[in-house]
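**Student:** Sharing a structure below in structure tokens format, with a few things to ask.
Bear in mind that the values in this text are calculations on the coordinates, not laboratory data. The shown structure was predicted, so the numbers you read here are calculated from the model rather than taken from an experiment. Note: ideal-geometry Cβ built from the backbone for every residue, glycine included; neighbour counts use all protein chains shown.
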Amino acid sequence: MSNLATKVAVIGSGISGAVCASALARNGISVTIFESGRGPGGRMSQRREIAEDGREFVFDHGAPYFTASNPGVLGLVQEWESRGIVASWNEKFGSFDFASKKFVDIEEEPSSQKYVGIPGMNSICRALTLEPGITSRFGLGVAKVEWLESEGSWSLTGFNGEDLGIFKGVVASDKNTFSSRFTNATGRPPPLDLSIEPEVALKVKEVPVVSCFAVMLAFEQPLTLIPVKGFSFKNSDILSRAFCDSSKPGRSSSSERWVLHSTGEYADKIIARTGFQKLSSALLSEVAEELFQELQRTGLHIPRPLFLKAHRWGSAFPATSIAVKEKCFWSGNKRLAICGDFCVSPNVEGAILSGMAAASKFAELPVSSL
């Protein structure tokens, strides 16, 4: 298959789509990635923010790190380490109990190796989408994915009516491609109408998700009363976890930067007020203040940050895994793969495994079908 010029469209450039695209390209398949965002990353996105005084801060506001236990995934991670786009984050982690106002379960030795992208979590996806054989089109959303029965191919159309091309295969790694969960925000149906594959449609029609708000904070001085660089919260209705972003390898240490994640219940309460419409700056400021005040209630003498901002992470985590055994959904006769963390497990490793599985389905096809 190494000399084939087969064209496959990968919709979404999160870690699942990026891993799938990389594997496809290494098998000689020509890949075009379509990503509505300005850059790759998905749950591994990174944000650049400017404070009022002009200083720039960078935050991993999505997944703070990832772990790996599957041999195939570990093999990829070792390759990424050798390329300098992944490193181990060797710090102490634990939990904070609001009931006792104490840190508990502090790990003297890490229970599992924690990995981060270098210099940001999105660096892995960025490097993969730049590999030979891959064309990446960022800032370009797909409005329609249509199966052309007479041609045995897929036609993709952009939101402005632009013809994005004809492809022999499609990989949908972005839930918005086939799920109607967010149609209230866009007013449009999902680009991919799965009625052509009823069995698949039944399983993936509505992938339940847990929402989350991320709050980014920057401080002039280190928070010396916090003995760990990452911790979860117990007995809080507002805060789920906190991570010291600036303690990761390859990050600037000019300020101490933390990211807070809300509980799903808190996020649902806020979203119930607005739906999935774009949130106002005033409401986001309210969210940022509420999460910061909850952090102050730890009694750890948290000073006022020099930067404070909230970001809605609308579909942070899938609430269930719907293809644990298969690891992806596959329609061989139409060369359609659906992959993502919602297939295997709600974490980065699950997304990687699903992307690998989707790519392997194309590799198994007879050359004549491509």
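**Student:** Dividing the Cα convex hull volume of segment 58-110 by residue count, how many Å³ per residue is that?
**Tutor:** Convex hull of Cα atoms, per residue: 136 Å³.
**Student:** Oh, and also: List the lysines whose Cα sits under 16 Å from the Cα of K325, skipping any in the same chain fewer than 8 residues away.
**Tutor:** Filter leaves K203, K361.
**Student:** May I ask for the Rg/Rh ratio of segment 276-331, computed from Cα atoms with Rh as the Kirkwood radius, given to two decimals?
**Tutor:** In segment 276-331, Rg relative to Rh is 1.23.
**Student:** While we're here: If I stretch the segment between A99 and Q296 completely, what's the gain in nm (0.36 nm per residue apart, minus their alpha carbon distance), one decimal?
**Tutor:** The A99-Q296 span can extend by a further 69.5 nm.
**Student:** Roughly how many nanometres apart are two label points built 7 Å out from the Cα toward the Cβ at S30 and A201?
**Tutor:** Going by the 7 Å Cα→Cβ label model, 3.2 nm.
**Student:** Still on this model: Calculated FRET efficiency, L148 and V324, Cβ-Cβ r, R0 51 Å, to nearest 0.05?
**Tutor:** Plugging the Cβ-Cβ distance into 1/(1 + (r/R0)^6) gives 0.95.
**Student:** Let me ask something else. For segment 242-274, list residues with backbone N below 18 Å from a point placed 7 Å from the Cα of E220 toward its Cβ?
**Tutor:** The answer is 253-258.
**Student:** Calculate the translational D of segment 4-49 in whole µm² s⁻¹ from Stokes-Einstein, where the hydrodynamic radius comes from the Kirkwood formula applied to all Cα pairs, the temperature is 10 °C and the viscosity 1.306 mPa s.
**Tutor:** It diffuses with D of about 142 µm²/s by this estimate.
**Student:** Under a straight-distance cross-link criterion of Cα-Cα below 13 Å, which aspartates and glutamates are reachable from K248, leaving out those fewer than 8 residues away in the same chain?
**Tutor:** Within reach: D60, E91, E256.
**Student:** If you don't mind, another one. Per 0.36 nm of contour for each residue apart, how much would the distance between S88 and E49 grow if the chain were fully extended, relative to their Cα-Cα spacing?
**Tutor:** 11.5 nm
**Student:** Right, something else. Run the Debye formula on the Cα coordinates of segment 108-155, all scatterers equal and no solvent, and tell me log10 I(q)/I(0) at q = 0.14, 0.15, 0.17 1/Å.
**Tutor:** With no solvent term, the Cα-only Debye profile gives -0.66, -0.70, -0.78.
**Student:** Something else now. With both bridge residues required to lie in the chain, what share of the DSSP beta bridges run antiparallel, to the nearest 5%?
**Tutor:** 65 percent
**Student:** Label-point separation (nm) for L365 and R273, each offset 7 Å from Cα along Cα-to-Cβ?
**Tutor:** So the two model labels end up 4.8 nm from each other.
**Student:** Restricting attention to the chain, give the cysteines that have no other cysteine Cβ less than 4.7 angstrom from their Cβ.
**Tutor:** Lone cysteines by the Cβ rule: C20, C125, C212, C244, C343.
**Student:** Another question, if that's okay. Determine the calculated [θ] at 222 nm for the chain from helices alone, applying -39500 (n - 2.57) to every DSSP H run no shorter than 4 residues and normalising by the residue count; nearest 500 deg cm²/dmol.
**Tutor:** -7000 deg cm²/dmol
**Student:** Please state the charge dipole magnitude for segment 2-131, taken about the Cα centre, from unit charges on C-beta atoms (+1 on K and R, -1 on D and E), reported in debye and rounded to the nearest 20.
**Tutor:** 480 debye
**Student:** Something else now. When the gyration tensor of segment 52-186 is built from Cα positions, what are the square roots of 5 times its three eigenvalues, in whole Å, from largest to smallest?
**Tutor:** The answer is 39, 21, 17 Å, longest axis first.
**Student:** Here's something else I'd like to know. What dipole magnitude, in Debye to the nearest 20, does the chain give about its Cα centre under +1 on Lys/Arg Cβ and -1 on Asp/Glu Cβ?
**Tutor:** The dipole magnitude comes to about 180 debye.
**Student:** Now for a different question. Step through the residues of segment 295-305 one at a time and calculate ³J(HN,Hα) from phi using the Karplus curve (6.51 cos²θ - 1.76 cosθ + 1.60, θ = phi - 60°), rounding each to whole Hz and writing x for Gly and Pro.
**Tutor:** Computed from phi, the couplings for segment 295-305 are 5, 5, 5, 5, x, 8, 6, 7, x, 5, x Hz.
**Student:** State, to one decimal in nm², a quarter of the convex hull surface area for the C-alpha atoms of segment 223-338, i.e. the direction-averaged projected area.
**Tutor:** Taking a quarter of the hull surface, the average projection is 11.2 nm².
**Student:** Taking segment 134-174 as the region of interest, what is the percent of Cα-Cα pairs per 10 angstrom bin, listed from the shortest bin to the one with the maximum distance?
**Tutor:** Taking all Cα pairs of segment 134-174, the binned fractions are 27, 58, 15, 0 percent.
**Student:** Any chance you could tell me what percent of the C-alpha pair distances in segment 1-106 go past 23 Å?
**Tutor:** 51 percent
**Student:** If you average the alpha carbon positions of segment 214-251 and of segment 43-122, how far apart do those two centres end up, in angstrom?
**Tutor:** About 11 Å separates the Cα centre of segment 214-251 from the one of segment 43-122.
**Student:** Per q in 0.10, 0.12 1/Å, what log10 I(q)/I(0) does a Debye calculation on the alpha-carbon atoms of the chain return?
**Tutor:** -0.64, -0.91
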